[in-house]
1. Which of the lysines could be linked to residue 70 by a straight reach, that is with a Cα gap under 18 Å, when you skip same-chain ones fewer than 8 residues away?
2. Expressed in nm², what is the orientationally averaged projection area of the convex hull enclosing the Cα positions of the stretch 316-420?
3. Using the scaling law 2.2 N^0.38 Å as the reference, what is the normalised Cα Rg of the stretch 207-254?
4. Relative contact order, percent, of the stretch 169-412 when contacts are C-alpha pairs under 8 Å separated by at least 6 residues?
5. What share of Cα pairs, in percent, lie more than 27 angstrom apart in the stretch 165-290?
6. Probe 1.4 Å, all protein chains in place: accessible area of residue 359 in Å², nearest 10?
7. What is the dipole size for the stretch 169-412, taken about its Cα centre, with +1 at each Lys and Arg Cβ and -1 at each Asp and Glu Cβ, in debye to the nearest 20?
8. Measure off 7 Å from each Cα along the Cα-to-Cβ vector at residue 315 and residue 404, then give the distance between these two points in nanometres to one decimal.
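The values are calculated or read from the model by the stated rules, or taken from the named source; none is laboratory data. Worth saying up front: this structure is predicted, and the values here are computed from it rather than measured. FYI the Cβ positions are ideal-geometry reconstructions off the backbone, even for glycines, and counts take in every protein chain you see. Please note that ligands, DNA and RNA were not included when accessible areas were found on the heavy atoms of the full protein model with its side chains. Shrake-Rupley method; radii C 1.70, N 1.55, O 1.52, S 1.80 Å.
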Amino acid sequence: MANFIFRVLLTLVLSYLCNSVNGKANFKEIDEKLKQLNKPAVKTIQSEDGDIIDCVDIYKQPAFDHHALKNHIIQMKPSFDLKEERLSSKNESTKLAIFQTWQRSGSCPEGTVPIRRIRREDLLRAKSVQQFGRKPHEVVLKSNTTVEHKDGQLPSINTTALAMPVIVNRSAATLVTVGYNYIGAKADINVWTPNVEAQDEYTTAQIWLKAGPGDNFESIESGWTVNPQLYGDKRTRLFAHWTKDSYKTTGCFDMTCSGFVQTSSQYLLGGSIEPVSTEFGQQYDLTVGIYMDPNTANWWLKIGKDIPVGYWPASTLLFYLNHSSTLVEWGGQVYSSNVKKKPHTKTGMGSGQFASGLRGNACYMDNIAIVDFSMQLKYPQWVGTWADEQDCYTALNYQEGYGTLPIFYFGGPGQNYNCP
């Protein structure tokens, strides 16, 4: 009898251990999530960086799991053309092309979209299956703090008083414009691979377009990131992200939830990008633009030489951004539980060097522009810089000479002598 009871208890314990994953989920839950995320592939590509890319029928992509998109008709291309005010900088003639690593291993056929396959180990790294693919919720210390930044080197750029929330688990260095209705923003984002100290930390260089109340804003975002918890490595990767409730329960990176409708077979959201810039060596830029189609209210993501990747269907997915954005930010952000405290994280932002290092040393954003209802790309009329922790990460809007547009530099190493 005692042996029987022992065998029963042993069976129960082994069953629990086999189904539990770090106390966070069980294999059944994980397998169900994988089945939901990974759609049947028309073609599969094994990338040399270890990623598996599934070429999925455009009508069977994850976007259509969203209840509001069940009967959505795909808009295959934008219905608008942008007039470009001639934006010029001293860097214009030295732009060097980048590409995604997976493109060396194959391509997706017409009528399909490339989606990075999610594997069991990806879900095991997440804090929970439900949290997988999302930016963590912002922990706000207090509603907002008003500060004034004065950049004496740039008299042509406004002195700006900014009211910014104090967020405990993030540190940002950004260029900000507010006060108008924006239906687009772009920049050439300098590409680096900064250090990320811990697996559950990440760093980004990106554009944000936001609207809505400060404690429940909507945001659509894109740029590059180093995010080992999400992707399983420390490569620099193209990303897109959205939320309609300030990261509380909605939205996600890339195609890890329903929402973003991809139309391009050329670009992979979450795919690694190369080459990356080197200190005082070759500099490489990723051109990112996010624009609202005035005829459909879809927010289009364009990468590289004006290639539409896909869109966020604002009319069904969002509320405040269904009309326009009221705040645009360009810059970097570090997520960590060890920012704004001691010891500070050693996770870097941008190149890992301070903004004062300028080109070849610091990360920059060039050819910055917004779009308003004139449907014209132009430099923002009103901008200001912001850095949460100026001893750890800095921001500098720098004009090289008369007749050229400012170049925005940002970044830093995190922990250093002045940021212990």
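1. In chain and number order, the partners are 39, 60.
2. Numbers: hull surface 35.7 nm².
If I average the Cα hull's projected area over directions, I get 8.9 nm².
3. Numbers: Rg = 11.8 Å, N = 48, 2.2 N^0.38 = 9.6 Å.
In units of the 2.2 N^0.38 Å rule of thumb, it is 1.24.
4. Details: 652 pairs, mean separation 76.0, N = 244.
Taking the mean separation of contacting Cα pairs over the length of the stretch 169-412, I get 31 percent.
5. Working: 1493 of 7875 pairs.
So the portion of pairs separated by more than 27 Å is 19 percent.
6. Residue 359 has an accessible surface of roughly 80 Å² with all protein chains in place.
7. Numbers: 16 positive and 22 negative charges, 29 e Å.
With Lys and Arg at +1 and Asp and Glu at -1, about 140 debye.
8. 4.4
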